[in-house]
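**Q** Mind having a look at this structure? Questions to follow.
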Ligand SMILES: Nc1ncnc2c1ncn2[C@@H]1O[C@H](COP(=O)(O)OP(=O)(O)OP(=O)(O)O)[C@@H](O)[C@H]1O
Ligand SMILES: [Mg+2]
């Protein structure tokens, strides 16, 4: 049984004197998949940076705490908004890079299995320059799923995928990450409605939590409750034009 931990992030942030969000108060429940939506530039990636301890450029006045009172250090895996693949490494070696950098034994079988499940069986030895954007994004996803961390941060992990592949990758990621505390940034209301056990919307007027469908995740794409939630989210994102 995977150990899960809840996270609370509270406070305000600014970058180079420009305020981003104020009085944010977000609780990610232990072992649950939380989705975060909001307009471009509102600060979603910045929240992931804060949780991943990559936010030296951010003035953050607040607190991040974990249910168990222990530090975040080495408990987080993070998939960035850009794939950040090493161009000189194959898909397999990019997937294994975490273990390599930590000088741990490399688990080739797990990496190959993962790449195969992600539909990349013909690209295991390919270099990033020979892969499409969607293939590269799946290698970055494989690299994240390789890590056995309690907290997983995903920044638009399926944004470059076609609709069918995206639905498959959503289901696969939910299976691999079951029981972990996930924060998933997305621009896609359908994705949030399908996967979210909590859904947050960050806008100019602050953070709000959206009612989720009662059906368990991963929800069917055409489930009526999923579609209602999707429509509700889209309406909120569109503002007055919807
Ligand atoms: N290093 C930086 N220096 C200055 N401003 C920055 C820096 N990084 C981000 N910003 C600014 O902070 C704001 C929030 O950026 P962030 O990347 O968190 O937005 P986002 O909600 O993830 O947007 P998107 O949906 O487009 O990815 C933006 O206005 C951006 O221009
Ligand atoms: Mg972003």
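Laboratory data are not the source of any read-out in this text; all were calculated from the coordinates shown. Since this is a predicted model, take the numbers as computed values, not measurements. Glycine also receives a Cβ, built like all others from the backbone with ideal geometry; neighbour counts cover every protein chain displayed.
**Q** May I ask you to sort 49, 127 by Cβ crowding, counting other Cβ atoms within 10 Å and putting the fewest first? Mind showing how you got there, number by number?
**A** Numbers: 49 21, 127 16.
Going from sparsest to densest Cβ surroundings: 127, 49.
**Q** With a 10 Å Cβ neighbour count serving as the proxy for reagent exposure, in which order, fewest first, do 75, 175 appear? Provide the component values of the computation, followed by the final result.
**A** On the way: 75 16, 175 11.
Starting with the residue having the fewest Cβ neighbours, the order is 175, 75.
**Q** If each of residue 74 and residue 23 carries a label point 7 Å out from its Cα toward its Cβ, how far apart are those two points in nm?
**A** Placing both labels 7 Å beyond Cα along the Cβ direction yields 3.9 nm.
**Q** Could I ask something else about it? Quick check on the chain: helices-only [θ] at 222 nm, where DSSP H runs of length 4 and up contribute -39,500 (n - 2.57) each and the sum goes over total residues. Nearest 500, please. The partial results should precede the final answer.
**A** Numbers: 8 runs with 79 residues, N = 242.
Using -39500 (n - 2.57) per qualifying helix, the result is -9500 deg cm²/dmol.
**Q** Helix 133-146 versus the longest principal axis of the chain: what angle, 0 to 90°, nearest 10, using Cα atoms?
**A** Between the helix axis and the principal axis of the chain, the angle is about 90 degrees.
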